[in-house]
Structures are given as structure tokens and as C-alpha cells.
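Novice: Take this structure, written in C-alpha cells, and hold onto it; I'll ask about it next.
The values are calculated or read from the model by the stated rules, or taken from the named source; none is laboratory data. This structure is a prediction, so every number in the text was calculated from the model and none was measured. FYI the Cβ positions are ideal-geometry reconstructions off the backbone, even for glycines, and counts take in every protein chain you see. With ligands, DNA and RNA removed, areas are computed over all heavy atoms of the protein, side chains included. Shrake-Rupley method; radii C 1.70, N 1.55, O 1.52, S 1.80 Å.
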Amino acid sequence: MEAQWLAHEPDDPSIQSGTFDNPNYYPNKAKEYKPRVSYNTTMRKKPTAMFRAISYLDIDRSHNIRLEYQLPNWNEQWVEAKFATWAEESKWYGFRGVFVAVL
Amino acid sequence: MIESAKGCEQLQSAQSIMGYDRPANLSYGDDERRGGIVIDDEARKLLEALYPKSYSVSCREVSCSSAPGWTGGIGRPYAYHNIEAKQTANLITGLCRIDMGLNGWFRLKCYTQNVLSRSGYTAVLGSWDDTHLFDASYSILSFDEEDQRVQTGRMPYMDMRTGNSGLPPAGARYTKRINFTRPFKKVPKVVTFISAIDSANWVNLRVEIYPYDIDRNGFTLSFGPWGGQS
């Protein structure tokens, strides 16, 4: 396995980053989760680049692994995520991700 | 810079930024003063302070299925994407979609190679051995060479273990102190994420990555599975 990381000044107006700290549903499972996270500070305009990556997985091995982490909507104040599977059987216990927004 | 300016008299200097050449249709008569075309050092420094250079970033998503000629299955070759981009520094690749069967271990990775500064790179992603990979997607972010806004890095799980060589103990979680190349002015924001997985298929897939003890000089990375995961 491999981890990567990115660091930036906390008050840089051109970059915002954060984590979607979704709940762990164990022993239950989830199929879809759509949280919204606000930036620490409002950006000057809507970011043109939005990077995303998974940071936490807790998946039942009894079914195929089908997971996707998307950022379908964002503006200068917040970003919305969609954590989902596309098969009823492939639910997850835990699934989290990070984002990096750049002007 | 401003302290050394001498007011209107200075602005009338032919060497001043206010005396630059401009199109004739923007002028009003012969009395208007027109100066040289050279911006003096003081004015240049003032401009640089008022208008810092803006940098561009490159952010894109690549998938196995969108690579030319790639098809899913067991033991498939890697998918290659030749990316043209002027931003080739601080390249990071983050996993964002998995479609994988249970035939073999859960293996997936993405890395960049053939990086040509300010020109492009090749993104390589996929699985190996007996893993059944239907598809996977990664988000890739990169910056201009001169862009000092971020610092990035990667940490393979195998590099974090201590002691003897061989597979790390099942369920082992590791921590490692990572030092920044240069200190940040303030305690930075740090995000950590998965770029590769290699996990046994007889236990649940559990991976957690997070930073803590963040200060201006570095942070501690916590990385690994839990609950008896290999």
C-alpha cells in the first residue's frame, strides 16, 4: 500500500483542503452518502481545480468491491461529495475522502 | 519601496512607470508628457508586490477503462495515459473509484513516469498478479515548477515498517514522522490519502491514513489496516 500527502499554508487564499469524516456504520452498511463541507474561509471565486482521494476504507470482502468518491458540486464556500456504490450487495462499513480545492 | 518615492517630481521622470509609451489614440494633444519605455527597479518591485504571479494547476481524472486498448479481467496489464501538461511538479495521485472482484488479493496502484518538465508525463495505473480488476479511477493534481504553495510526498507502507525484511505483521499499523523540505510560516493544513492498496482477500479491506502532530516542520503519518488485516 502507499499513502501520499499534500501540505499548504492554512491562510493561503488560493488553496483549501479538508476531509469528509463520514461515520462508520459497522455492523450496518451504507450504500450512499452525500455530505457537504464548508471551507475554512470563503475563496475569492469558485475553484477551478478540485482534487479528491479516498483516505479510509472499511469494506466487507464477501462481495465485489464497488466504490466511487465524487465531488459533484462546489463553489467558493463549500464542496459536496458523493460516496456511493452501484450495487446493492456492495455496501460499505466505512468510506472517507479528502479534497484539495485550488483557484 | 514607497518610502523612497519623491512624489510628483518623480512621476515626471522619463524613467518612471508613468512615462511609458502608449498608443497615440489614447493621448490628448501635444502637451501631454510621454516618457521612456523602461520601468525602473523601484516601480517593478512595487508591481511585483501588488500583483504576485499567479500559477496554474492541472487536475484531471484517469481511469483504466479509458486507456486505449485496456480491458478488465484477471492479471491485466497496466493502463497507460500519456498526459500533456505544463504543470509537472508536486504530482499526486489519489484513488477515487474501485471496481474489483474477489478472485485474488485487493491490489491497485497508480504512479507517474517519464515526467518531462513543463511538458507532460505518463500515468500508469492498474493491478497485478491474480487480482480481478474491472476498473479504477485516480485523480491527479500537479503544479508549476515554480509554485511554492504546496509540498507533497509519498510513503509506501513497506517503507514504514521497522525491523526485519518480509511482510509486515498482520494488522500492523505504522506511524512515521515526515519532515517538510522547508518549514511553513504557520502550522499547515495537511491531507493524506490512499494511492495504492495491496491487501489479502480473506479479510475485510480496511485501510486508514491520517496525519497528526502537525507543526511547521512536519507531521506524523498514521498508516495501515486494523482488525487482523494483512
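Novice: At q = 0.11, 0.16, 0.20 Å⁻¹, what log₁₀ I(q)/I(0) does the stretch B:63-210 have when each alpha carbon counts as one equal point scatterer in the Debye sum?
Specialist: Log-scaled intensity ratios, in q order: -0.51, -1.01, -1.32.
Novice: Using the Cα atoms as the points, what is the convex hull volume per residue of the stretch B:181-230 in Å³?
Specialist: Numbers: hull volume 4.1 nm³, N = 50.
Roughly 83 Å³ of hull volume per residue.
Novice: Right, something else. Output the pairs from A:LYS46/A:LYS91; A:LYS46/B:LYS176; B:LYS86/B:LYS109; A:LYS82/B:LYS109; A:LYS34/B:LYS186 with a Cα-Cα distance over 30 Å in this structure; if there are none, say none.
Specialist: On the way: A:LYS46/A:LYS91 33 Å; A:LYS46/B:LYS176 35 Å; B:LYS86/B:LYS109 24 Å; A:LYS82/B:LYS109 22 Å; A:LYS34/B:LYS186 32 Å.
Result: A:LYS46/A:LYS91; A:LYS46/B:LYS176; A:LYS34/B:LYS186 exceed 30 Å.
Novice: Another question, if that's okay. Can you give the mean number of other chain Cβ atoms that lie within 10 Å of the Cβ atoms in peptide B:143-151?
Specialist: On the way: counts 3, 0, 0, 0, 2, 1, 7, 9, 4.
That average works out to 3.
Novice: Also: Cα extents of chain A along the three principal axes, largest first, in whole Å?
Specialist: Answer, in whole Å and largest first: 45, 27, 19 Å.
Novice: Let me ask something else. Considering the zone a paramagnetic label at B:GLU84 would reach in this model (a point 7 Å from Cα along the Cα-to-Cβ line), which residues of the stretch B:105-133 have amide N under 15 Å from it?
Specialist: Zone members listed by number: B:116, B:118-122.
Novice: Could you check the simple spin-label distance between B:LEU102 and B:TYR174, using points 7 Å along Cα→Cβ, in nm with one decimal?
Specialist: 3.0
Novice: Ignoring ligands, DNA and RNA, please state the percent of accessible area on chain A from carbon and sulfur, probe 1.4 Å. Walk me through the intermediate numbers first.
Specialist: Numbers: 1720 of 4210 Å².
Percent of accessible area from carbon and sulfur atoms in chain A: 41.
Novice: Further, regarding this structure: Using the Kirkwood radius over C-alpha pairs as Rh, can you work out the diffusion coefficient of the stretch A:9-61 via Stokes-Einstein at 25 °C, viscosity 0.890 mPa s, in µm² per second?
Specialist: Values: Rh = 13.9 Å.
Translational diffusion coefficient: 176 µm²/s.
Novice: Placing +1 at every Lys and Arg Cβ and -1 at every Asp and Glu Cβ, with all other atoms neutral, what dipole size does chain A have around its Cα centre, in debye to the nearest 20?
Specialist: Rounded to the nearest 20 debye, it is 300 debye.
Novice: Compute the distance in nm between two label points, each set 7 Å from the Cα along the Cα-to-Cβ direction, one at B:THR71 and one at A:ASP60.
Specialist: 3.2
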